Amino acid sequence: MKTTLIILLLAPLLGALYQIIAGSRFPRRLAEVVSCAVILVSFVMATVAFFLPGRPETILLYNWINVDTFSAGMDIHFDALAAIMTLMVTFVSSLITIYSVSYMDQDLDYSRYFAYLNLFVFFMLIIVLADNLLFLFLGWEGVGFCSYALIGFHYQELANARAGRKAFLLTRIGDVGLGIAISLFFVTCHSLSISTINAQAATLSAGTAMTLGFLLFWSATGKSAQLPLLVWLPDAMAGPTPVSALIHAATMVTAGVYLLIRLFPVVSRTPEVLLTIAIVGTVTAFYAACAAMVQKDLKRVLAYSTISQVGYMFLAIGVGDIIGSMFHLLTHAFFKSLLFLAAGAVIHALHDERDISRMGEAVRRHLPVVFLVFLAGSLALGGEPPTAGFFSKGRILLATLQHGGMVYKAVWVGATCTAFLTTLYTFRLFFMVFTGKPAVPHQGFIREVPPLMVWVLWPLALFALFAGFCNLPYLQAGGGWLSRFLATTPGAVPDLQAAPSLEWVVENGDSLLAIVGLILAYFLYGPKNILGWRTADASAGRATALLLSGFGLDRLYATLLVRPYEGISRFLWHTVDESVLDRGLLRSVKMLPLLAGGLQGWTTGLLSTSLKMLVLGFTAFLVFLAF
């Protein structure tokens, strides 16, 4: 087991080192093969570790820091949760890396791209496997750096560089919370081992547990792009499309959710923390779904969709169902990576065109396979029965509805409305990209998509459609395999123990909403443009402009934070630094020649002058003594 886990973790790092040291010195094909091979090796090792007996197991890789009473080792903890997560991360990352070979075939800076890609997977695997919080923090900061580097990969364009910088700064705000939490964990638990902390969670005082819970939640909002730290994710679409798929589906955005699941015994100690997580997750999901309704950029629709779906994962944690959160995390990884990669194929075929109002039935005719797999991803994202998204989202809604309290009932209403909006904006996107006549036709021919970018979509399409069967609800005579597999995870509740009537109402209600949403989307945005919304969509108007800008959250931050900061910076720069400090130093410099000229007369080298100075000095000394 130890050898398997070491290879699983270190293979992507070795691939990144090869790209950095020798990637550009050898043929391009070798760099591509190495980058794909190391991730595939990790996937094979994850599969082997999944079937090996002996879970859970903790392995010390290296005794990293040992100072007085403080110690931090590079410990790996492999349990059922880590087994599922490593499988998903390496599987999806493998397909994305293979896809990148064709997508980035014209980019000359390929070795830097593949180095960042391999490094991204390595740091995410650290987050998944780490048992020591300081080791986890290394991976946490590592995925932040890689996201910055990949979002701004084409840094020659200022907008891309700014998007990378924005992602880096906003996620660092959340990282401060995790840094403080790690310090507080060491003070209160005298250990940074996640296993030890979870075992001692019940002994924490109410105030300490609440503080730690809110700090962990705050750090998760930054990494997983939840309110109020979500404005970086739509701009992250500046990166290459495979990077968007990697960030949204397999690595960075899911890191915050995974952190809360991993430390759920601490998070769940305080009802106020859970309620806050549930409310913020629901509000974020609804907020992002509304914003996605009017976006014209293909990738920005999917970006807001990710924010919304991660909100569901937060909601599941808030109602105490970490298995439901993990279930939706897995299904989302499949259908969202599928949608991003399929969108990348469309963008590639249309010569980097991303405006969905310029697409239509010509795309379907030229890209029939992409049309089919995009449909599979849309069905799963829209929650159409019996796709994976239907079952995972349905479990979250069921867990929310059966939770006691009127606040949670209101949260369920908000989450249900968001589910309907999700179906609506998903099929708005699908119909506008693949059906009907575009409002402004795309100029130029539609080029062929490389076969490598197409065949990797089929496994994701199959999982998007059928992965939900791994955790069927009991009403469908499902055994709940995933629930049983994750039952040993601290804080997990395998069986929701919902009344059959309540489960029946939720499932049939979800099905009805999903089908009605699809039909409504067809009438609003379908090929026949029956109600005229297709051509009127995203037209000028205050409401549309507000949604298009994400409710003006960027402008609000610019007004309240960025502009005052820039104003203070300009004042310190122009007034304090240049006018006061620089001018003062320049004037003092100008005084030095005058002072030197005055002293020059006393440094003649003559004996008589030296005697005069001696007498004057002695006289001054006597006067001082007299006073």
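Here, each number is a calculation from the coordinates, and none is a lab measurement. Just so it is clear, the model here is predicted, and its values are computed rather than measured. Note: ideal-geometry Cβ built from the backbone for every residue, glycine included; neighbour counts use all protein chains shown.
Computed quantities for the displayed model
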{"item": "MRE, 222 nm, helices only [DSSP H, n ≥ 4, -39500 (n - 2.57), over the chain, to nearest 500]", "result": "-22500 deg cm²/dmol"}
{"item": "Where the Cα pairs of the range 179-330 fall when distances are cut into 5 Å bins, in %", "result": "2, 10, 20, 21, 17, 13, 8, 5, 3, 1, 0"}
{"item": "Helix 583-600 vs. the chain, principal-axis angle (Cα, 0 to 90°, nearest 10)", "result": "20 degrees"}
{"item": "At q = 0.16, 0.20, 0.25, 0.30 Å⁻¹, base-10 log of I(q)/I(0) for the range 294-333 (Debye sum, equal scatterers on each alpha carbon)", "result": "-0.43, -0.59, -0.75, -0.91"}
{"item": "Rounded FRET efficiency, nearest 0.05, which uses the C-beta distance separating GLU361 from ILE519 and R0 of 22 Å", "result": "0.65"}
{"item": "Volume of the Cα convex hull of the chain, divided per residue and given in Å³", "result": "248 Å³"}
{"item": "Per-residue Cβ neighbour rank within 10 angstrom, fewest leading, LEU263, LEU339", "result": "LEU263, LEU339"}
{"item": "Sorted by Cβ neighbour density within 10 Å, fewest at the top, the residues THR435, THR306", "result": "THR435, THR306"}
{"item": "Acute angle (nearest 10 degrees) that the helix 500-525 long axis makes with the longest principal axis of the chain, alpha-carbon atoms", "result": "80 degrees"}
{"item": "The range 552-596 - Kirkwood radius from inverse mean 1/r over Cα pairs (Å)", "result": "12.7 Å"}
{"item": "Computed Kirkwood radius, in angstrom, where 1/r is averaged over Cα pairs of the range 221-291", "result": "13.2 Å"}
{"item": "Set of lysines near LYS528 by C-alpha distance (under 25 Å), chain-local residues within fewer than 8 positions excluded", "result": "LYS296, LYS299, LYS437"}
{"item": "If the convex hull is drawn through the Cα atoms of the range 1-101, its volume per residue in Å³", "result": "107 Å³"}
{"item": "Residue (of ALA49, GLY177, ALA82) at the positive-pole extreme of the chain, dipole from beta-carbon charges", "result": "GLY177"}
{"item": "C-alpha long axis of helix 271-292 to longest principal axis of the chain, angle in °", "result": "80 degrees"}
{"item": "Percentage, to the nearest whole number, of Cα pairs in the range 288-378 over 16 Å apart", "result": "58 percent"}
{"item": "The range 272-326 - convex hull of the alpha-carbon atoms, volume per residue in Å³", "result": "54 Å³"}
{"item": "Sorted by Cβ neighbour density within 10 Å, fewest at the top, the residues VAL33, VAL370, VAL454, VAL623", "result": "VAL623, VAL33, VAL454, VAL370"}
